[in-house]
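Data block below; observations after.
Since every read-out is calculated from the coordinates, none of them should be taken as a lab result. All values derive from a computational prediction rather than experimental measurement. Virtual Cβ from ideal backbone geometry, glycine too; neighbours counted across all protein chains shown.
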Amino acid sequence: MVQYLKMRKRIVLIFVLCSIFLVILIIRLGFVQLRDGPFLKNLADEEHYRGVPVAAKRGNIVDCNGNILAMSVSVDTVYAIPAEVRKSGKEDEIATLLAETLEMDKQAVKDRITKRTSLEYVKKKIPTETASIIKSMNLPGIGIVEDSTRFYPNDTMAAHILGFTGIDSQGLEGIEYSRDKELTGIPGSILTEYGANGIKIPGGDHEFIQPIQGNTVQLTIDKNIQSFAERELGKIMSGQGMNMEGRIPKNASILVMEPSTGRMLAIATAPTFNPNNYQAFDQSARRNIAIQNGYEPGSTFKIITLAAALEEKVVKTDEVFVDKGYINILGRNIHCWKDGGHGRQTMIEAVENSCNPVFIEMGQRLGMDRFYKYLTGFGFGKKTGIEMAGEAKGILANKKKATALDLATMSIGQTNNVTPIQLLTAVSAVANGGTLLEPQIVQEITSPSGEVIVPFKKEVVQRVISESTAKLTREILESVVTNGTGRRTFLPGYRVAGKTGTAQKVGQGGYIQGDYVASFIGFAPADNPRLVVFVVMDGVPFYGGVVAAPVVQAVMLDSLKYLGVKPDPNAPLAPGKPLYGVEFPAVRKEAIVPSVLGYPRAEGEGILKKEGFKVMVEGTGTTIIDQIPYGDAKVEAGSTVQLYLGAEVGQQTLAPWKEVLDPDIEAIEQFGPRLPISMNQNLLE
Amino acid sequence: MIKKYRQVDGVLLGAIIALLLIGLLMSYSSSAVKGYLYFDDPYHYLKMEVVWVFLGLAAMTVALLLDLRKLYKWAKPILYVAIILLIIVKIPGLGRTVNGATRWIGLGPLSIQPSEVIKLAMVLIMARILATNPRNIQSFHKGLLPCLALLGIICMLIMLQPDLGTTLVIAATTFFMLIAAGAKIWHMTALGTAGLAMVVGAIVAAPYRMRRIFAFLDPWADPSGKGYQSIQSLLALGPGGLFGLGFGQSRQKFLYLPENHTDFIFAMIGEEFGFIGATLVVMLFFLIIWRGFRIAINVSDNFLGLFAVGLTSLIGIQAMVNMGVVTGVLPVTGITLPFLSYGGTSLVFTMIGVGLLLNISRYRSKTEEVI
């Protein structure tokens, strides 16, 4: 049996081969299931889990004291899982019910809930009451996920700074846009296991990944100072501007800056809009003219000429000039604004008088090179870097082509095109001792737990003039307010410095008469400025010293008192020269504002009026939900208290945002993040 | 021929019963989703499988009681019938085409897979040829060549369907039988080398084949195409981990893994019962292979010994190839896992094979047991 014994050995050989293969198989199983198991499980989970995104609560935007300017309110979003809707076979029924409840077109709803996608939103941002109705219907394949919508409790306040958000809570303008990343947070998700056919796995796992709330953006803006500025704008735009004879400018801006840090305390622009309801406003109302529009500044610019001339020591304060009413440049006479001229005057008097020929003389003494050095040194012709989309650069006359005539007109603030924020920043450099700063609008970024993530940082651009020049310039500008064209800004007990400006607008074939950009820029206290206030009004037939100066005066006084700046005992109580037709308010008694929070409107107003306060009301509702200044604040007797109305204290009225809801989601989504920036019409090219 | 005197091999029978039970359990768990979706009854496939298991047990019993001497005589007629069935399946109107392959012959409510018949017929005829003239196998011309010619014809017929998996199993089984029968090792090595050379030649002639053949090594290169099944199989095994997700907890059965109740049932076991469950199944197949070859060695008859080698190889090779595919060490060939995969006739024929193997185990041994 040779054959038989051989066969036994051969079978053992085959058996060993098979055993080796089985061992390899077990080793391979070990690799796949034990070593690669966790990795493969992740891959499998990625395939099995489908998530319904849960929007993170967008961070608040608050003012420098933590007052909420923009907040998120809980709403709900209805979504559909089309595969489950189709599986139920009740597409028609579901669409009818949803369309009724959501007030949508039935066919549109049906198209959406049967679309060939894994997840489809039916309607975003519906009130929670509607959502709970839908929830109670228990429709197959239809779900509700928590969402949030933006609410601006102060309506129009600081609208241009805040901007607004779109339907997906994405920032579209303003800080909402520029700090979108910080505000957005990290969306969470409701994860559910699904089969390959898009149907939920029965008994499958659910996982809720908590969304992480966005960070809080604190602005440098002070709600109180902003409201002072907006109150004044409100008066101007309602035809109650002082000396305005009932006229209303095309637009106006008030800017307040802290010169030592570059912090913007207020940026108010009119016309304005309500970010709760931004679609209802014309796009032009959303334009922040203080940042996006350039204009020929006129006499306010003379501060720059003066500072440059003093720094380069081409003039002395006691130097005597004779103004014969005009100055001849290249065969053309440039007239002083005062017919016949100012005659004999010292340099300081010339500044007080805003005398054109003297400033032109200063420009000539500086010469083209040095003049341009200060022009660019003070930041003109380039963006200030303020965190606002669409900032204009302004336009400087081409230095290579500029003539002596150009130099002359530039010296008195014509020819060059600058933005209000540029001028404010440049004058702040004079106020703070000679350093040009980048204007800041964001104070700091804090996490939801209150931890500071990005602290405030002062950004120095460069030193432009020396401390001593800055000091001298301030003193001369103080004299402008005390003795010169700026007397309508005079505040008894405070040292205010400033400069008027009345810019002619360029029309067809030259400057237009009787249509000016009236402005005034002032700071106080002159020896250690806390505030620089700038007012610009476009389209008025009046001089800046007449209509803009009183506005600066009002904002300045309220702000200084609010900030607790004590009157200076050495400051004059009356201007050096009387100004015809102008009465200066006597220093009034201090008064304490009573708190009327929670009172019905009429009662609250009554209490305030009884105490001698004036009242301004904003918002709709029956209850006072907010007031500025707050209760117990010490203010000047007889000043104005701003009241905000709403439904209930502590819970902001929801009425405005309900109106925002637009049935056509797509239409809203089409808004781009920014508006086109067209140049202002008063450009000189 | 020798006489029966012993009990059937209990270990073998136990392993088979264990696999059948696991198969029933898994055919329910893995097919419940499909049953519910397509037949509105999660137990649809389980009910059918229970019927097939009983039919299989009956077939096994019949095979167990057969007189193997008669089977020796009938080897040729059975082969002819099997070949005729293979031809019939290609006649239009008689063969049933599923997924582009014509593998079934419909007989009223029943249907027969000729490739299952040919597997047993082939093992039977090879055992008879090799046992009749034991010394011929030493010669290439007289012994090896006729066997290879027969194998070639049969493989060609099966590839007409086409059915690569079955072809592979039959070819490998035949090789095992040739080796067991005492074919010269250098003959087999030469054959293996020639085969390898042909494969290399085919690859050189058309490089795309290489990509196709080796696609299984990196299924992620084409995750939604050729690599899809391999990836889904790994995505079942991996999450199973050591202990598995638990009975009925498979996620991949929710239509992610195609053929999960047939060709990829082993992946389902790995997903629901983990490394431990999968290894247990591998061990059960090891038991079958071990007892099968042990039966072959211990029977003192060349025909029965070779027949046992062939029957054991049929089951063992098919199981190894299937588990190799599922774990990604072999390319996807499309063959089922004996006892576990859902599938009626193939289970019945496997059980016939098992019955025959158990039948052989009852025959007397002259020498002491070796393995």
By counting other Cβ atoms within 10 Å of each Cβ, how are A:611, B:271 ranked from fewest to most? A:611, B:271
Starting from the 7 Å offset along Cα-to-Cβ, what nm value, one decimal, do you get for the label separation of residue A:447 and residue A:245? 6.2
May I ask you to list the residues of segment B:329-366 whose amide nitrogen lies under 15 Å from a point 7 Å from Cα along the Cα→beta-carbon direction of residue B:69? B:363-364
Built amide H within the under 5 Å cut-off of residue A:498, gap 5+: A:478, A:480, A:481, A:523
Simple spin-label estimate for residue B:139 and residue B:37 in nanometres, 7 Å along Cα-Cβ: 6.0
With R₀ set to 56 angstrom, the calculated FRET efficiency between the beta-carbons of residue A:457 and residue A:92, to the nearest 0.05, is 0.40
Where a ≥ b ≥ c are the square roots of the eigenvalues of the C-alpha gyration tensor, would you call segment B:258-302 rounded, which needs a/c under 1.5, or, failing that, prolate if a/b is larger than b/c, or oblate? oblate
Segment A:299-350 and segment A:443-482 have their Cα centres apart by a whole-number Å value of 29
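If I take R0 = 35 Å and measure r between the Cβ atoms of residue A:382 and residue A:468 in this structure, what FRET efficiency does the formula 1/(1 + (r/R0)^6) give, to the nearest 0.05?
On the way: r = 27 Å, r/R0 = 0.77.
E between residue A:382 and residue A:468, to the nearest 0.05, is 0.85.
What dipole magnitude, in Debye to the nearest 20, does the protein assembly as shown give about its Cα centre under +1 on Lys/Arg Cβ and -1 on Asp/Glu Cβ?
For the protein assembly as shown, the charge dipole is close to 5500 debye.
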Angle between chain B longest axis and helix B:164-181 axis [Cα atoms, degrees, rounded to 10]: 30
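Which value results when the Cα radius of gyration for the protein assembly as shown is divided by 2.2 N^0.38 Å?
On the way: Rg = 46.9 Å, N = 1056, 2.2 N^0.38 = 31.0 Å.
My calculation over the Cα atoms of the protein assembly as shown gives 1.51.
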In this structure, the FRET efficiency calculated for residue A:205 and residue A:401 from their beta-carbon separation, with R0 = 51 Å, to the nearest 0.05, is 0.10
Per-residue ellipticity at 222 nm for chain A, helices alone: DSSP H runs ≥ 4 residues times -39500 (n - 2.57), over residue total, nearest 500 deg cm²/dmol? -9500 deg cm²/dmol
Please identify which residues in segment B:130-160 have an amide N closer than 13 Å to a label point set 7 Å out from the Cα of residue B:184, following the Cα→Cβ vector. B:136-145
Which residue, B:333, B:174, B:350, has the most motion in a Gaussian network model of chain B that connects Cα atoms within less than 10 Å? B:333
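Grab the Cα-Cα distance for residue A:108 and residue A:238, subtract it from 0.36 nm times how many residues apart they are, and report the gain in nm with one decimal. Kindly include the intermediate steps, with their values, before the conclusion.
Details: separation 130, 0.36 × 130 = 46.80 nm, distance 4.44 nm.
That pair, residue A:108 and residue A:238, stretches by 42.4 nm at full extension.
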Length gained when the stretch residue A:42-residue A:365 is fully extended (0.36 nm per residue, less Cα-Cα span): 108.6 nm
Where in segment B:266-298 is the amide nitrogen less than 19 Å from a point lying 7 Å along the Cα-to-Cβ axis of residue B:242? B:270-281
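Restricting to Cα atoms and excluding each atom paired with itself, what does the Kirkwood estimate give for segment B:237-324 in Å? Walk me through the intermediate numbers first.
Values: mean 1/r = 0.0699 Å⁻¹.
Hydrodynamic radius (Kirkwood, Cα only) of segment B:237-324 equals 14.3 Å.
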Return the distance in nm (one decimal) between the two label points of a simple spin-label model at residue A:602 and residue A:335, each offset 7 Å from Cα along Cα→Cβ. 5.8
If I histogram all Cα-Cα distances within segment A:50-219 using bins 10 Å wide from 0, what percent of pairs lands in each bin? 10, 33, 29, 19, 7, 1
Value of relative contact order over segment A:591-645, rounded to a whole percent, pairs C-alpha under 8 Å and six or more apart: 48
Taking the Kirkwood radius as the inverse of the mean 1/r across Cα pairs, report the Rg/Rh of chain B. 0.96
Among A:619, A:608, A:643, the residue whose Cα sits farthest towards the positive end of the charge dipole of segment A:591-645, when +1 is placed on the Cβ of each Lys and Arg and -1 on the Cβ of each Asp and Glu, is A:608
Relative to the longest principal Cα axis of chain B, at what angle does helix B:228-240 sit, 0 to 90 degrees, rounded to 10? 80
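Percentage of Cα-Cα pair distances in segment A:591-645 greater than 14 Å, rounded to whole percent? The partial results should precede the final answer.
On the way: 607 of 1485 pairs.
The share of Cα pairs beyond 14 Å in segment A:591-645 comes to 41 percent.
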